[in-house]
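Report on one structure; see the data block that follows.
The values are calculated or read from the model by the stated rules, or taken from the named source; none is laboratory data. The shown structure was predicted, so the numbers you read here are calculated from the model rather than taken from an experiment. With ideal geometry, Cβ positions are generated from the backbone for all residues, glycine too; neighbour counts draw on all protein chains shown.
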Amino acid sequence: MIRSIEFRAMNTTVLLAAEGERAIDGMQATKIFIDECEQRFSRFLPASEITELNHFSGEWLKVSDDLMEMLELAQKYYEETKGIFDPSILADLKNAGYDRSMDIIRASGVVNNQSAPKQFPGLAFSQMSLDPDENKVRLPRGMEIDLGGIAKGWIVKQAARLLHRYSEVCGVSAGGDILFIGQPEDGLGWDVYLEDPRDPSRMLAQLNIPSGAVATSSVTKRTWRQAGKSRHHLIDPRTGEPAQTEWLSVTVICPDIIAADVYAKTILIGGRGVAESFTEANPDLTFIAVDLQGNLVGSPNFKEFIYEPASNLFLSTGTAR
Amino acid sequence: MKIFKFGLRLWITITSVLTFIVGWVMLAHAPKPSQSSSSSQAIATPLPTLEPLPGLFQENGKTVQNNDLPNQPLFFNNQPRFRQNPFFSTGGS
């Protein structure tokens, strides 16, 4: 029997599921771990490690092993995605109005106008200096970073590893970034419902995932209005503005949750060309995109993950092609 | 006078013994307290048959026995609650 627990953390809904006698003990320990991680890595908390790093830009700062690991991953994916995944867009994100947590923005219904100064021109994330031997980091003076998806993926991965110590079969989801370890005892894999980005209360498809990771990026989830303009949280580093995308959401299925999160974001911002180059370079990667009409498009093998009988029930407006 | 006193004592003794014996015999033949008399049965009113009370745990109108429920700890309302059949969905955050 699989048991689950749902709670709010990292400004999103977290779901833990586990099988076995020690499942509940494991989920309680994992919840504590996730709550602690939020305190350490949220850019919205004044005492977090990320806030401290941004505050001391221009100086060498000793950081924890965990933050060093995240920064190394961020550097790796920045290079791999040719800068489309860029944690240094925080100034642009704040400028677009996302300067407080989404829960607070939604509660107040008001965002600041474009008055915040943009990041110093000429700064690039590649200028960040890392000294892994000494666990020291130096951001270029004036740069602020938001590890966003990397931090969430890292937390989900570590949380799943922790839960796996208690349970052979488990899953961790944080706002739709999901990592499964093992298969449920019925051997039928994990069911994951793909939300319709135009109406999250409706499902476009039922996916069946044997194990591994699923992550989705969407331009319709974290949205707000600023000076009469619709804004969202995915900044295109090439323009410094919320990305103009041909798809509403992109879901990536692959073994690693951090890669899934980064690739989903990058494919959504970069579009079809980036998607094709990624799927050619990574045979383990599958992506499913939802276009403006609710149609599903994706990599050649994406239909293998769609549970066909359920598609008749859930493909309410779109069609799997 | 002595004869009168002796006679009085003898009369009291015999009367007491006889009264004790008669009482013993009467109680020995009286109906036992657990045996209800026919008259009490005659006035008893039959009780109406009541519908069974609903159970504390019901699922789709069918009562679930307490020992059928999973062994889950109880939490206060402000605590996250454990449940079965997780619903995983993905749509971004």
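Quick look at the values:
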quantity	calculated
Residue, farthest from the other protein chains (Cβ to nearest Cβ), within the range A:162-176, restricted to residues that are surrounded by fewer than 22 Cβ atoms within 10 Å (Cβ to Cβ) and in a helix (DSSP H, G or I)	A:Arg165
A:Arg231 being basic (Lys, Arg), more than 12 Å from B:Gly92 (Cα to Cα) and surrounded by fewer than 17 Cβ atoms within 10 Å (Cβ to Cβ)	no
Residue under evaluation A:Leu188, criteria (1) surrounded by fewer than 24 Cβ atoms within 10 Å (Cβ to Cβ); (2) hydrophobic (A, V, I, L, M, F, W, C); (3) under 20 Å from the mean Cα position of the chain (by Cα), criterion not met	(3)
Count of the range A:180-212 residues which are more than 10 Å from every other protein chain (Cβ to nearest Cβ) and under 22 Å from A:Ile155 (Cα atoms)	6
From the options A:Arg231, A:Arg222, residue that is basic (Lys, Arg) and within 10 Å of chain B (Cβ to nearest Cβ)	A:Arg222
Test: residue in the range A:14-28 that is touching a residue at least 40 places away in the same chain (Cβ under 8 Å) and of a type in the set (Asp, Glu)	yes
Qualifying residue in the range A:48-69 (condition: in the same structural domain as A:Gly176 (by TED's automatic domain parsing), touching a residue at least 60 places away in the same chain (Cβ under 8 Å), touching a helix residue (DSSP H, G or I) at 6+ places or on another chain (Cβ under 8 Å) and assigned to a strand (DSSP E or B))	no
Residue match in the range A:89-103 (condition: over 23 Å from A:Thr13 (Cβ atoms), at pLDDT below 95 and exposed (fewer than 15 other Cβ atoms within 10 Å of the Cβ))	no
Check on A:Gln293, surrounded by fewer than 16 Cβ atoms within 10 Å (Cβ to Cβ), part of a loop (DSSP other than H, G, I, E, B) and either over 19 Å from the mean Cα position of the chain (by Cα) or within 14 Å of chain B (Cβ to nearest Cβ) (or both)	yes
So A:Pro255, is it within 13 Å of another protein chain (Cβ to nearest Cβ) and of a type outside the set (S, T, N, Q)	no
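Residue by residue, here is whether (1) modelled with pLDDT under 95; (2) more than 14 Å from chain B (Cβ to nearest Cβ); (3) closer than 24 Å to A:Met143 by Cα holds:
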| position | (1), (2), (3) |
| --- | --- |
| A:Ser4 | yes, no, no |
| A:Glu19 | yes, no, no |
| A:Ser48 | yes, yes, yes |
| A:Glu69 | no, yes, yes |
